[in-house]
Amino acid sequence: ERWTLVPQPEASEIKNRTFYCGSSVAVGVLGRESQINRLNDGAIQLAAKPGKGTFTFLISSAAGFDIDEDINATALAQLERAAALGGAQLKASAKDWWHRFWSNSFVHLSSADGEAEYVEKHYTYFLYLMASSSRGTYPPRYGGMIWNTGRDTRTWGSMKWMYNLFCYYNNVLLTANKIDLTNAVFEMFHKNYEVTALAARQQWGSKGIYLQETMWFNGPAPLPDDIAAEMRDLYLVRKPWSEASERFLNYAATKNAFDSRWCWKNFDDERWVDGHHFWEARESAPYSYVLHLFASGAKIAYFHWLRYDFTQDKEWLREYGYPIIKGVAEFYRNYPNVKKEADGKYHIHGVNNWESTWGASDTIEELSAMRAVTATAIRASQILGVDDDLHGVWQEFLDNMAPLPIFTDMSEQGEVRYWVNTSHSSVGRSSTNRRATTPCTSYDLFTLETTDPEMVELARNSYRPSSGRSSGSRGVGWLSKAAITAATMGDAEGVRILVPAQIKYQGLAEGYPDETATRWGTYWRGPLGNRMSLAEGHQGMGAQRIGNAAEGLVLALCRAMPPGPAGKTVIHVFGAWPKQWDAQFSLLTRGNFLVTSSMRKGMVEFVEIQSQSGEECRLRNPWGNQAGVTVYKNSRKFKDMNGSLLTFATGKGENFVIVQKNSSPVHYKRVILGE
């Protein structure tokens, strides 16, 4: 009676559809008469009649998968609740939410050239974007997020792409103490556990779970038994592609070529001619961009581990984290093309190195992923006290994995060994001797706490600190991990250059051949006036480059890092921070420590650590290996310490302040001690 309704399709009209999602937007006006005007192309205008005084527009929305739910009633009920509260109370509620959101961490930067302030603005804006878009049931898609204005028309379809998704869901939200904003990601994989376990069995003949690089929000669809059997034979190369049956090809004809399962279809050449759909398989079939790419699953599993490590929530690990970690570890261990060979090592065959290398053996991404997820499964199961029977099996698998691919080059100083994508030729695309650091740093196979001499040597030789430091039109690409890797390697100068360069990224079209500019020019433009970009094309507005830059920023400021995957962590403050930038921060680290610190003119003033779970604290001395420090506990002097590694027990809720011995900075005395 109160609102004018726009008619919606009857449920009976859509009962026979295979999938249903209903959505409704309700708009109302308080304090003024209004009317609905129907415009062209299905658009509707709500117009408030003119007059003196104030009036309020209210907007609500609702969505659901239950065809019997009255989704209009749900949206209207929200509108009614808002109307009952009134504008002042709604504003106060929103203000209170945002106050709590911003108050549990902060980053403040300054520099003579203004670059640090520029970076801080974009970091803050990224958190604002995520707070505005990641509080629902599912994570927003990387391109378009929740701000599409063209319905479901967007470049690259509507699937979740894991590499892109993790430009948003990475160390930033965890380190910024915005844990709740990651819930949507974990809920999505939790809901899809059964269908991903079925996909592991049907598609690959493996155990555990198969998490695709590109997947639908509700996971991979079940397959007919005969299609699944032939798929295994074709994808595991037990049957030549030339012998693919007509039944299999006809079944694939209507499938989306962006889906990892079907990406051997050449989506560049799909077309409609006179009402007929034409498509072709790639010459490299079954190999393609993301079909034989399993490292995505390990990325997802390791992110589950990080969520636990930041919060120390064992019940969350038991219900959400461990099933995914175990599932991915078991997928690798039982994958039919992982075999123990004559050298006594487990090798993996016919896999990708992300999108650059197809159908290769022992690629660095897959071997790194196997190592990390297996080590994590062992640690997580020990914490929970479960699956004792698998510990020895996993340890044997981990101990005997093939070595990471290494290339030996000759220089004036002699032989130089470094990691590469793969040491074996590939069936499709090939990229064998390109230096590779990121796969090892992203899984903590190498960190600044790593002590294994060979790993340290290979990491240093593989890292190219000058890579991607151009300040030209291309800059650091929006998907680049260069700033993140620089922070992980302790390269402060790289952080200073790469983080702002990635934020300022302009695009690929400029300076490229005409045909490239014509094809991609509408894609790689930005940033827009709202700081986001259309890097993913039409209706693909997003902030991936800001997310990557923000991760490099927080890792350079404050990070607790282990010597290897899922190991015990050591806190580093300003571990890769440029001395030209002053900084103050309060950020969360693994171990559930809230760390606050300040650096001015290249000098660390103090470190405050609030223990939120009562774990042992390990801090790398920010004043140098031999510097003495004084530790205050709950505002009272606790002890004097020295050495490179500062270790002390903590209780839940206890507060520690560490300063350089015989130093009592004014800021520390005024703010921490309250003097």
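Annotations for the structure displayed:
- Some residue of region 132-146 being open to solvent by less than 40 Å² (accessible area, probe 1.4 Å) and in contact with a Pro (Cβ under 7 Å, 6 or more places away or on another chain): yes
- Lone unmet requirement of (1) buried (at least 17 other Cβ atoms within 10 Å of the Cβ); (2) touching an Asp or Glu at 6+ places or on another chain (Cβ under 7 Å); (3) touching a residue at least 24 places away in the same chain (Cβ under 8 Å) for Ala649: (1)
- The set of residues in region 283-309 that are open to solvent by 30 Å² or more (accessible area, probe 1.4 Å) and either touching a Phe, Trp or Tyr at 6+ places or on another chain (Cβ under 8 Å) or at pLDDT 95 or above (or both) comprises Tyr289, Lys299.
- Test: residue in region 375-387 that is closer than 21 Å to Tyr308 by Cβ and in contact with a strand residue (DSSP E or B) (Cβ under 8 Å, 6 or more places away or on another chain): no
- Filter result (among the polar types (S, T, N, Q) and either open to solvent by less than 50 Å² (accessible area, probe 1.4 Å) or in contact with a Leu (Cβ under 9 Å, 6 or more places away or on another chain) (or both)) within region 33-70: Ser34, Gln35, Asn37, Gln45, Thr56, Ser60
- Ala82 vs. criteria touching a helix residue (DSSP H, G or I) at 6+ places or on another chain (Cβ under 9 Å) and open to solvent by less than 70 Å² (accessible area, probe 1.4 Å): yes
- In summary, His99 fulfils each of the numbered conditions (1) more than 23 Å from Ala483 (Cβ to Cβ); (2) crowded, with 18+ Cβ neighbours inside 10 Å with the single exception of condition (2).
- Those residues of region 552-585 which are small (Gly, Ala, Ser) and open to solvent by 10 Å² or more (accessible area, probe 1.4 Å), in sequence order: Gly564, Gly567, Gly575
- Only one of Leu76, Leu109 that is under 30 Å from Gln584 (Cα atoms) and modelled with pLDDT of 90 or more: Leu109
- Residue count for region 441-469 under the criterion of being surrounded by 19 or more Cβ atoms within 10 Å (Cβ to Cβ) and modelled with pLDDT under 85: the result is 1.
- Residue match in region 536-551 (condition: open to solvent by 10 Å² or more (accessible area, probe 1.4 Å), touching a residue at least 12 places away in the same chain (Cβ under 8 Å), of a type outside the set (S, T, N, Q) and in a helix (DSSP H, G or I)): yes
- Qualifying residue in region 228-245 (condition: in a helix (DSSP H, G or I), open to solvent by less than 20 Å² (accessible area, probe 1.4 Å) and at pLDDT below 95): no
- Flag set for Glu194, criterion: of a type outside the set (Gly, Ala, Ser), over 28 Å from Gln544 (Cβ atoms) and open to solvent by 20 Å² or more (accessible area, probe 1.4 Å).
- All conditions in (1) at pLDDT below 95; (2) within 30 Å of Ile209 (Cα to Cα) hold for Thr374, with the sole exception of (1).
- Restricting attention to region 504-560, the residues that are of a type in the set (S, T, N, Q), at pLDDT 65 or above and more than 19 Å from Thr124 (Cα to Cα) total 2.
- Sub-6 Å Cβ pairs linking a first residue in region 207-222 that is free of Cβ contacts under 8 Å to residues at least 60 places away in the same chain to a second residue that is of a type in the set (A, V, I, L, M, F, W, C) and buried (at least 21 other Cβ atoms within 10 Å of the Cβ), at least 6 apart or interchain, are Pro220/Ala199, ordered by first then second residue.
- Restricting region 600-629 to residues that are in a strand (DSSP E or B) and touching a helix residue (DSSP H, G or I) at 6+ places or on another chain (Cβ under 9 Å), the residue that is least open to solvent (accessible area, probe 1.4 Å): Phe606
- Odd one out for Ser158 among (1) at pLDDT 95 or above; (2) surrounded by fewer than 18 Cβ atoms within 10 Å (Cβ to Cβ); (3) small (Gly, Ala, Ser): (1)
- When the criteria are applied in full, Phe217 meets the requirement of being modelled with pLDDT under 95 and closer than 29 Å to Ile324 by Cβ.
- Selection count where residues are assigned to a loop (DSSP other than H, G, I, E, B) and at negative phi, scope region 329-383: 12
The values are calculated or read from the model by the stated rules, or taken from the named source; none is laboratory data. As the structure is a computational prediction, the values presented were derived from the model and not from experiment. Heads up, the Cβs are rebuilt from the backbone with ideal geometry, glycines too, and the neighbour counts pull from every protein chain shown. Note: areas computed on protein heavy atoms with side chains; ligands, DNA, RNA excluded. Shrake-Rupley method; radii C 1.70, N 1.55, O 1.52, S 1.80 Å.
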